[in-house]
Amino acid sequence: MNIRLNGSEKTLKEFSSISALLQDLSLNPKTVVVELNTEIIQPGSYDEQTLTENDSVEIIRFVGGG
Amino acid sequence: MLSINEHSISYSGQQSIGELVATYKPEANLFILNGYPVSAHTAISDGDSICLICKGETPTAEEMDSLLTARHTPGIQKKIRAASIAILGLGGLGSAVAGAMAKIGIGKMLLSDYDIVEPSNLNRQHYFVDQIGMLKTRALQENLRRMNPNTSLDLIEKKLTEADIPVLFGKVDVLIECFDDPEMKAATLRTLLSKMKTIAYVGSSGMAGFAENNTIRTRTIHPGLYIVGDEISAAEPGQGLMAPRVGIAAHHQANQALRIILQEAAGRTK
């Protein structure tokens, strides 16, 4: 299936969760903010929240330093 | 009536600034009429507000406010003076943001940090060698008072958790995230998105090292929510945080906060 990830097309396995997507992208779930179709998703829901065709996912990545 | 250096006096018809100077402050050499610098020959009229200043002399709080108003123009300074911001984390970003905002005469700042000034901070953070060991909140307060004694400062001296953020910072105009820890950075934006839907936010991600200047940018996530940095350059061995590039990011944050306050950039929907 295809989703929009930060504005670009991405192909994923059917029924992928947000956790699986973050793992695929090698991102630490604690240092990102995830929006699914403009709704904020809390980290506690990353495992059960599955993605479906044409979902739009925004991932904002935070790196250390300030 | 006239107001001269915040004192009311009666208006007696044809007077110029020069005549008032001779009476009220003969040593004055800078004249501000209704927020704008003027010459000694300028005529005044009933209801005017006049500030007479002697260059080189330490200004009073009222004189400093008049100077800022004259420099920034009255309408703009009124908005800056009425605004409140929170700065979460007082390291290389936060200490620089605080300095910029104090200098322009922001009304109120909530300054939050739990840590002390350490020698390793001084390559980028706006503290002094003789402040090593002080709480950053106290050291910064001391420094900001010397920049502008009129800004109201609230110090929050605890290690913040995600749950603290809406409780402590729910009433500011702009929340500026200057944490070092990426987990707290992410938690802050999550909180702004889910629980603080009217507070504007300027966050930060990626400003370590000395990569090209223009890779630091201010990106709009949603109206009223902005993130500053290259979103890539983590602080890590071989790529430390350094004053020049951290300073670029800090001043992006400060200018974005100012733009929100002046309604030049979108805030959150109230």
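The values are calculated or read from the model by the stated rules, or taken from the named source; none is laboratory data. The shown structure was predicted, so the numbers you read here are calculated from the model rather than taken from an experiment. Positions of Cβ are generated from backbone atoms using ideal geometry, with glycine treated the same way; all protein chains shown enter the neighbour counts. Just the protein is used for accessible areas: all its heavy atoms, side chains included, with ligands, DNA and RNA removed. Shrake-Rupley method; radii C 1.70, N 1.55, O 1.52, S 1.80 Å.
Name every residue in the range B:23-60 that is more than 28 Å from the chain's Cα centre (by Cα) and open to solvent by less than 70 Å² (accessible area, probe 1.4 Å), in order of residue number.
Those that are more than 28 Å from the chain's Cα centre (by Cα) and open to solvent by less than 70 Å² (accessible area, probe 1.4 Å): B:Lys25, B:Ala28, B:Ser39, B:Ala40, B:Thr42, B:Ile44, B:Ser45, B:Gly47, B:Asp48.
Checking the condition in contact (Cβ under 8 Å) with a residue 40 or more places away in the chain and open to solvent by less than 10 Å² (accessible area, probe 1.4 Å), which residue from B:Ile176, B:Ile156 passes?
Only one candidate passes the filter, namely B:Ile176.
Could you list, in sequence order, the residues of the range B:185-200 that are touching a residue at least 60 places away in the same chain (Cβ under 8 Å) and crowded, with 22+ Cβ neighbours inside 10 Å? Steps first, please.
Within the range B:185-200, the first condition is being touching a residue at least 60 places away in the same chain (Cβ under 8 Å), and the residues that meet it are B:188, B:197-200.
Answer for the range B:185-200, where residues must be touching a residue at least 60 places away in the same chain (Cβ under 8 Å) and crowded, with 22+ Cβ neighbours inside 10 Å: B:Thr188, B:Ile199, B:Ala200.
Considering only residues that are within 10 Å of the chain's Cα centre (by Cα) and open to solvent by less than 20 Å² (accessible area, probe 1.4 Å), which ones fall in the range A:56-65? Break it down into steps so the answer makes sense when it comes.
Residues of the range A:56-65 within 10 Å of the chain's Cα centre (by Cα): A:56-60.
Within the range A:56-65, A:Val57, A:Ile59, A:Ile60 meet the criteria.
Restricting attention to the range B:208-223, which residues are away from chain A (no Cβ under 13 Å), in a strand (DSSP E or B) and polar (S, T, N, Q)?
B:Thr218
What residue, of B:Gly94, B:Gly107, is under 18 Å from B:Ile260 (Cα atoms) and open to solvent by 10 Å² or more (accessible area, probe 1.4 Å)? Break it down stepwise before answering.
On the way: B:Gly94 fails: open to solvent by 10 Å² or more (accessible area, probe 1.4 Å).
Of the residues listed, the single one that is under 18 Å from B:Ile260 (Cα atoms) and open to solvent by 10 Å² or more (accessible area, probe 1.4 Å) is B:Gly107.
If I ask for residues that are part of a loop (DSSP other than H, G, I, E, B) and either of a type in the set (Val, Ile, Thr) or within 12 Å of chain A (Cβ to nearest Cβ) (or both), which ones from the range B:224-236 would you list? Outline the logic, then answer.
Step one: list which residues in the range B:224-236 are part of a loop (DSSP other than H, G, I, E, B), which gives B:224, B:230-235.
Hits for the range B:224-236 are B:Asp230, B:Glu231, B:Ile232, B:Ser233, B:Ala234, B:Ala235.
Give the residues of the range A:20-34 that are surrounded by fewer than 18 Cβ atoms within 10 Å (Cβ to Cβ) and not hydrophobic (A, V, I, L, M, F, W, C), sorted by residue number.
A:Gln23, A:Asp24, A:Ser26, A:Asn28, A:Pro29, A:Lys30
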